[in-house]
Structures are given as C-alpha cells and as structure tokens.
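Please read the structure below before turning to the comments.
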Amino acid sequence: MIVLGIETSCDDTSLALFSPERGVIEVLTANQLVHEKYGGVVPEIASRQHLKTLLPVFAELLARDKVDEHAIDGIGVSNGPGLLGSLLVGVGFAKALAMALQIPIVGVHHIEAHILANELQLEELRYPCLVLVVSGGHTCLYRVDCAGRYTLLGTTRDDAAGEAFDKIAKLLGLGFPGGPAVEEAAKPGNKDAVHFPRAMLGKNEFDFSFSGLKTAVRLYIESRNSLDQQTIADIAASAQEAIVDVLVQKTIACAKKHKIAHAYLAGGVAANGSLRKCLKTHCEKEGMTYHAPLIQYCTDNAAMVACAAAKQLSCGRNDGLDLDVFARGPVTSWA
Ligand code: KG4
Ligand code: ZN
C-alpha cells in the first residue's frame with residue numbers, strides 16, 4: 001500500500017509517500033521563510049503560500065521517485081488542529097486528488113500524526129505508553145492503549161513549550177523559529193546561571209504553564225543594563241533547563257501514577273537535544289523505556305500524516321468528500 005500524506009496545518013507545505021511495508025518513500029517540505037520578517041506566522045500569507053506551493057511540490061514528489069500517481073492507494077490529510085485557512089487549502093487539494101484518482105481519503109488529527117512519527121521506522125508503539133507531545137501549539141501528555149485509542153492526561157493552561165522557546169528567542173533577539181535558535185545559543189551557556197520558575201509542579205498535577213517563565217525571562221532581561229554574548233547564552237541555557245525540567249518531571253510522575261512503562265516524545269520540541277537526553281536518563285533510572293522520532297520527523301512533516309492515515313485506512317476507516325477542518329481540540333479515539 002502507498003499512502004500520500006498532506007500537511008498544511010501551519011506554515012510548512014509538506015507532502016510524503018509512505019508505505020507500511022517499505023516505510024518512508026519520500027518527504028518534500030517547503031518551509032515558508034516569508035514569515036521570518038514578521039517574527040511569527042501570518043495566517044493569511046500562510047494559506048496563500050500553500051496554494052502556490054502544493055501542486056509544484058506534488059509534481060516534484062512523483063518525479064523524484066518515479067511514482068505514477070495511479071500507484072497511490074489512499075490519501076491522508078491533516079484536517080486540524082491548526083490555521084483554518086491553511087488546513088482548507090490542504091484538505092481541498094486532497095479531496096480533488098481523491099476524486100480524480102478514485103481513492104479513499106482520511107482526515108488525520110495533527111497531534112495523532114506527531115505521535116505516530118514514532119512508527120516511521122516501522123516499529124509499532126509499545127502499549128500502553130505515555131506520549132509527551134511538545135510543539136509550537138501543544139504541550140500534552142497522552143496515554144495510548146492501542147492504535148487509535150488516546151486519553152489526554154495533561155495539557156497546557158497557557159503557552160505551549162514551543163511557544164515559550166519562540167517567545168524567549170524573540171526576547172533575546174535570536175530569530176524565528178526560536179527553539180533551534182535557543183538550543184544553539186544555550187550551548188556555551190551555564191544552565192545554573194539563573195534560576196527561572198518551574199510552574200505547577202504539584203503532586204498529581206499533569207497540566208503545564210509556561211507563561212510565567214516567559215515573563216520571568218523578560219523581567220530578568222529588563223533588569224540588566226546590557227546583554228553580552230555570555231549573558232545571552234546563560235539566559236538561553238537556564239530557560240531551556242527550566243522548560244526541560246518541568247517536561248521531564250511531569251512525564252515521569254505521570255507515568256508512575258498511571259503505571260505506564262513506555263515513554264515517547266513527539267512534536268517539534270522533541271528535536272531538542274537537551275530534552276531528549278534528560279528524558280532518556282530519567283526513564284532509564286525509573287526502569288522505563290524511552291523512545292523519540294528521528295530528528296527530521298519531529299517538526300511538521302507529511303510522512304507522519306501518511307503513517308497515521310495508513311493505520312486508519314488499513315483498519316477500514318476513511319472519510320467522505322465532506323471532510324471538514326477544525327481549529328482546535330484533543331485527539332479523538334477512532335478504535
Ligand atoms: O511540531 P511543530 O513543527 O509545529 C507545531 O505543530 O506547532 O513544532 C514547532 C515548534 C516551534 O515552536 C519550534 O521553536 C520548536 O517546535 N522547535 C524546537 C526545536 N526545534 C523546533 N524547540 C526546541 N528545540 C529545538 N531544537
Ligand atoms: Zn506540529
């Protein structure tokens with residue numbers, strides 16, 4: 001089976017071909033650099049850009065792998081959560097293609113796709129597992145009992161972890177997207193230089209809050225007369241440490257409370273080396289297994305969408321041409 005994945009929920013136009021037997025055949029992602037000068041994604045520009053990019057990226061995808069479009073057995077498309085205008089472009093494209101090729105189409109929850117990026121190496125998740133999903137728009141803990149069965153155990157009350165990285169990067173003048181920039185700036189820094197607050201670390205408290213950290217970083221910067229390179233590195237390292245500390249402590253506590261032995265990372269922030277290392281160390285200490293997607297499959301990409309769609313299609317699930325988009329909402333179980 002070959003599944004085409006389509007991802008346009010934010011500012012990346014990504015298409016991929018995935019086969020449950022062969023794995024990832026090809027992924028092509030066009031990043032919209034146009035947003036950089038605005039310091040964040042402009043929704044109207046993002047959807048217009050998807051419209052311009054989708055067809056050329058599709059043609060290039062087929063040409064690269066010499067795959068005939070009639071070899072595609074089904075289509076998976078992110079239909080939410082995300083920017084509605086951007087999602088509509090991807091879903092409209094998917095429907096037109098499904099109709100022309102007479103193949104099934106299935107809507108994929110963007111967060112379920114992030115979770116299933118852990119299966120792109122063709123190794124099934126180990127159930128039951130706990131997945132920490134950390135992206136630009138989400139920070140949540142999901143219990144997964146089997147393919148298609150998800151329970152939300154914790155979520156953010158305000159900013160997402162990726163959003164915190166992005167805002168801290170902006171305060172430090174490090175550019176956009178902020179996560180990789182903060183990680184790079186933090187390398188020569190001292191993570192113990194500043195003790196930034198860790199919010200909501202109470203027992204049995206699995207929700208997150210990162211807006212206080214952002215304010216603490218701003219106040220610290222304002223308290224300094226000037227910022228030299230070493231101070232910027234120290235602030236980046238200390239802020240990253242505060243985020244990682246909260247994410248890891250909560251994941252471990254939640255796994256212990258719910259007696260779950262397998263932990264997974266997912267989402268753009270899962271690319272962060274410090275988070276990967278820290279969670280792995282703590283999982284091993286607790287006798288738990290630790291897993292994370294390959295770095296290139298942490299941030300938004302269509303391979304994870306195709307992988308999630310393949311799972312649903314092989315269970316006989318698909319949506320009709322009235323498939324709709326949605327802006328927010330947790331992953332819903334389909335099994
Ligand atoms: O999953 P994703 O690509 O898009 C959403 O679904 O939101 O995540 C993007 C987020 C951004 O906030 C970005 O700054 C963050 O992931 N990110 C990172 C790293 N790479 C991407 N955060 C920390 N460290 C990184 N290396
Ligand atoms: Zn994402």
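A dipole drawn for the chain from +1 and -1 charges on Cβ atoms has a positive end, and of L227, A327, V269 the residue lying farthest that way is L227. Between K277 and E124, the modelled label-to-label distance comes to 3.5 nm, taking each label 7 Å out from Cα in the direction of the beta carbon. Each Lys and Arg adds +1 at its Cβ and each Asp and Glu adds -1 at its Cβ; summed about the Cα centre, segment 127-292 shows a dipole of about 480 debye.
Against the chain, whose longest principal axis is taken from its Cα atoms, helix 229-257 shows a tilt of about 70°. Ranked from largest, the principal axis spans of the Cα set of segment 66-116 equal 30, 24, 19 Å.
Suppose R0 equals 22 Å; then what is the FRET efficiency for Q296 and L33 from their Cβ-Cβ distance, rounded to the nearest 0.05?
Working from the Cβ atoms, E equals 0.75.
Protection proxy ranking, highest mean first, for peptides 134-140, 195-201: 134-140, 195-201, where packing is the per-residue count of other beta-carbon atoms within 10 Å, averaged.
With viscosity set to 1.567 mPa s and temperature to 4 °C, compute the Stokes-Einstein D of segment 127-292, Rh being the Kirkwood radius across alpha carbon pairs; µm²/s, no decimals.
81 µm²/s
Among residues other than R276 with Cβ under 13 Å from its Cβ, the summed charge is 0 (Lys and Arg +1, Asp and Glu -1). Compactness check for the chain: Cα Rg over 2.2 N^0.38 Å is 1.00.
Think of each Lys and Arg Cβ as +1 and each Asp and Glu Cβ as -1; about the Cα centre, that makes the dipole of the chain roughly 840 debye. Dividing the helix sum by the residues of the chain, where each DSSP H run of 4 or more adds -39500 (n - 2.57), gives a mean residue ellipticity at 222 nm of -13500 deg cm²/dmol. The long axis of helix 302-314 is offset from the longest Cα principal axis of the chain by roughly 50 degrees. Label positions at D68 and D324, each projected 7 Å from the Cα along the C-beta direction, are separated by 3.9 nm. Count Lys and Arg as plus one, Asp and Glu as minus one, and take only other residues whose Cβ is under 12 Å from that of Y38; the net charge is then -1.
Calculate, in whole percent, how much of the Cα-Cα pair population of segment 142-190 lies beyond 12 Å. The answer is 68 percent, as a whole percent. Between I232, I168, I221, the Gaussian network model of the chain with springs among Cα atoms under 10 angstrom shows the greatest mean-square fluctuation at I221. Taking Cβ atoms as reference points and 15 Å as the exclusive limit, the residues near K52 contribute a net charge of -3, counting Lys and Arg as +1 and Asp and Glu as -1.
Summing Cβ point charges (Lys, Arg +1; Asp, Glu -1) relative to the Cα centre of segment 60-171 gives a dipole of roughly 300 debye.
Please compute the length gained on full extension between L152 and E284, using 0.36 nm multiplied by the number of residues separating them and subtracting their Cα-Cα distance.
45.1 nm
A short reminder: the numbers here are calculations on the coordinates, not readings from a lab. These numbers come from a predicted model, not from an experiment. Here Cβ is always computed from backbone atoms with ideal geometry, including for glycine, and neighbour counts include all displayed protein chains.
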